[in-house]
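The values are calculated or read from the model by the stated rules, or taken from the named source; none is laboratory data. Since the model is a prediction, treat every value here as computed from it, not as a measurement. Reconstructed Cβ throughout: ideal geometry from the backbone, glycine too, with neighbour counts over all protein chains shown. Accessible surface areas use protein heavy atoms only, side chains included; no ligands, DNA or RNA. Shrake-Rupley method; radii C 1.70, N 1.55, O 1.52, S 1.80 Å.
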Amino acid sequence: GAVSYNLIESELFGHERGPFTGAFAARQGAFELAGRGTLFLDEIGELPLDVQPKLLRVLESGDYRRVGSNRPQQNAARIIAATKRNLREEVAAGKFREDLYFRLSVVPITVPPLRQRREDIPALVEHFLEVARQKGGGGGRPVTVSRETLAALSAHDWTGNVRELRNVLDRAVYLATATGDSDLRLVDLPVSPVAEGRLPVEFDPSQSYREARSAFEAEFELRYVRWL
């Protein structure tokens with residue numbers, strides 16, 4: 001998604017000198033540079049339809065050609081692809097080739113959202129704080145996290161997943177640096193869209209007034225405790 005539409009094929013397979021404007025010299029592509037290593041294709045769902053058959057050919061036969069070249073080359077790299085999109089839905093919508101989807105989906109791995117693996121949060125916090133320390137955050141000194149702060153981080157829903165957690169920690173480290181604190185303090189956490197909205201006004205005709213009120217009070221109490 002970060003590569004210009006017209007240059008994606010060149011980025012993947014390389015090009016010879018002169019096949020398009022700006023190609024002043026031959027250039028290796030990602031497959032060639034990967035050699036016998038691993039090639040990671042991020043956001044594979046963004047790949048244009050007209051380039052997908054060429055990627056499929058590499059995965060099927062291992063052969064590819066630089067743009068402007070007739071000489072085939074052999075791919076030896078292991079391919080790992082990632083996407084945030086639901087590729088099955090993209091296939092049904094005609095935006096992604098079905099044969100390429102099945103060729104890529106050899107060993108599928110689904111990473112659940114952070115709110116479904118809260119046990120990972122303490123390790124992620126420790127990692128990001130160490131990265132910040134190595135970059136000079138906190139004045140280069142260790143920044144400690146209290147049990148209460150870690151509990152607040154673990155209780156948050158993190159709709160932005162790991163990136164959101166990293167951004168919140170970066171901000172907290174900057175504040176600690178500015179104030180000279182060694183303890184990480186969270187001024188606030190991003191408000192979850194669910195927690196921010198009002199309680200849904202939906203009533204079940206099979207419930208009595210007392211039952212409906214009890215259900216609303218339980219939901220209010222749960223959200224209030226999360227907010228605290």
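What number goes with the only condition from (1) touching a residue at least 12 places away in the same chain (Cβ under 8 Å); (2) open to solvent by less than 90 Å² (accessible area, probe 1.4 Å); (3) of a type outside the set (S, T, N, Q) that Arg117 does not pass?
Just one mismatch for Arg117, condition (1).
Based on this model, can you work out whether Leu41 counts as in contact with a helix residue (DSSP H, G or I) (Cβ under 6 Å, 6 or more places away or on another chain), modelled with pLDDT of 90 or more and either surrounded by 11 or more Cβ atoms within 10 Å (Cβ to Cβ) or farther than 16 Å from Val3 by Cβ (or both)?
No; evaluated as a whole, the condition is false for this residue.
What about Pro122, is it within 27 Å of the chain's Cα centre (by Cα), modelled with pLDDT under 80, surrounded by 11 or more Cβ atoms within 10 Å (Cβ to Cβ) and within 29 Å of Lys84 (Cβ to Cβ)?
Details: within 27 Å of the chain's Cα centre (by Cα): yes; modelled with pLDDT under 80: no; surrounded by 11 or more Cβ atoms within 10 Å (Cβ to Cβ): yes; within 29 Å of Lys84 (Cβ to Cβ): yes.
No, not satisfied.
Inspect the stretch 6-26 for any residue being in a strand (DSSP E or B) and touching a Gly at 6+ places or on another chain (Cβ under 9 Å) and give the result as yes or no. Spell out the reasoning first.
At the first step, the residues of the stretch 6-26 found to be in a strand (DSSP E or B) are 15.
From what is left, the residues that are touching a Gly at 6+ places or on another chain (Cβ under 9 Å) are 15.
Scanning the stretch 6-26, I find at least one residue that is in a strand (DSSP E or B) and touching a Gly at 6+ places or on another chain (Cβ under 9 Å), so the answer is yes.
Can you name the residue in the stretch 71-87 that is touching a Ser or Thr at 6+ places or on another chain (Cβ under 7 Å) and either in a helix (DSSP H, G or I) or not charged (D, E, K, R) (or both) and is also farthest from Arg57 (Cα to Cα) among such residues?
So in the stretch 71-87, the residues touching a Ser or Thr at 6+ places or on another chain (Cβ under 7 Å) come out as 77-78, 80.
Next, from what is left, pick out any that are either in a helix (DSSP H, G or I) or not charged (D, E, K, R) (or both): 77, 80.
On the way: Ala77: 14, Ile80: 16 Å.
Taking the candidates together, the pick is Ile80.
For the condition touching a helix residue (DSSP H, G or I) at 6+ places or on another chain (Cβ under 7 Å), at pLDDT 75 or above and more than 18 Å from Arg226 (Cα to Cα), what is the one hit in Arg163, Arg133? Before the answer, list the steps.
Working: Arg163 fails: touching a helix residue (DSSP H, G or I) at 6+ places or on another chain (Cβ under 7 Å).
Exactly one of Arg163, Arg133 is touching a helix residue (DSSP H, G or I) at 6+ places or on another chain (Cβ under 7 Å), at pLDDT 75 or above and more than 18 Å from Arg226 (Cα to Cα), namely Arg133.
Which one is most open to solvent (accessible area, probe 1.4 Å), of the residues in the stretch 9-31 that are acidic (Asp, Glu) and touching a helix residue (DSSP H, G or I) at 6+ places or on another chain (Cβ under 9 Å)? Step through it out loud before you land on a result.
Taking the stretch 9-31 and keeping what is acidic (Asp, Glu), we get 9, 11, 16.
Within this subset, residues satisfying the condition of being touching a helix residue (DSSP H, G or I) at 6+ places or on another chain (Cβ under 9 Å) are 9, 11.
On the way: Glu9: 53, Glu11: 71 Å².
In this case the residue turns out to be Glu11.
Which of the residues spanning the stretch 44-77 are open to solvent by 40 Å² or more (accessible area, probe 1.4 Å), within 27 Å of Ala92 (Cβ to Cβ) and of a type in the set (A, V, I, L, M, F, W, C)?
Once the filter is applied, which keeps residues that are open to solvent by 40 Å² or more (accessible area, probe 1.4 Å), within 27 Å of Ala92 (Cβ to Cβ) and of a type in the set (A, V, I, L, M, F, W, C), the stretch 44-77 yields only Leu49.
State whether one or more residues within the stretch 88-104 are open to solvent by 60 Å² or more (accessible area, probe 1.4 Å), more than 26 Å from Gly14 (Cα to Cα) and touching a Ser or Thr at 6+ places or on another chain (Cβ under 6 Å).
Here is the first cut: in the stretch 88-104, the ones open to solvent by 60 Å² or more (accessible area, probe 1.4 Å) are 88-89, 92-93, 95, 97-99, 102-103.
If we keep only those that are more than 26 Å from Gly14 (Cα to Cα) as well, we get 88-89, 92-93.
Restricting the remaining residues to those that are touching a Ser or Thr at 6+ places or on another chain (Cβ under 6 Å) gives none.
Looking through the stretch 88-104, none of the residues is open to solvent by 60 Å² or more (accessible area, probe 1.4 Å), more than 26 Å from Gly14 (Cα to Cα) and touching a Ser or Thr at 6+ places or on another chain (Cβ under 6 Å).
Just to be sure I understand, how many residues within the stretch 50-72 are among the basic types (Lys, Arg) and under 29 Å from the mean Cα position of the chain (by Cα)?
First pass over the stretch 50-72, keeping only residues among the basic types (Lys, Arg): 54, 57, 65-66, 71.
Applying the additional criterion that residues be under 29 Å from the mean Cα position of the chain (by Cα) yields 54, 57.
Number satisfying all stated conditions: 2.
Can you list residue pairs whose Cβ atoms sit under 9 Å apart, with the first residue in the stretch 144-155 being under 17 Å from Glu130 (Cβ atoms) and the second being hydroxyl-bearing (Ser, Thr, Tyr) and surrounded by fewer than 13 Cβ atoms within 10 Å (Cβ to Cβ)? Count only pairs 6 or more apart in sequence or on different chains.
Thr144/Ser182
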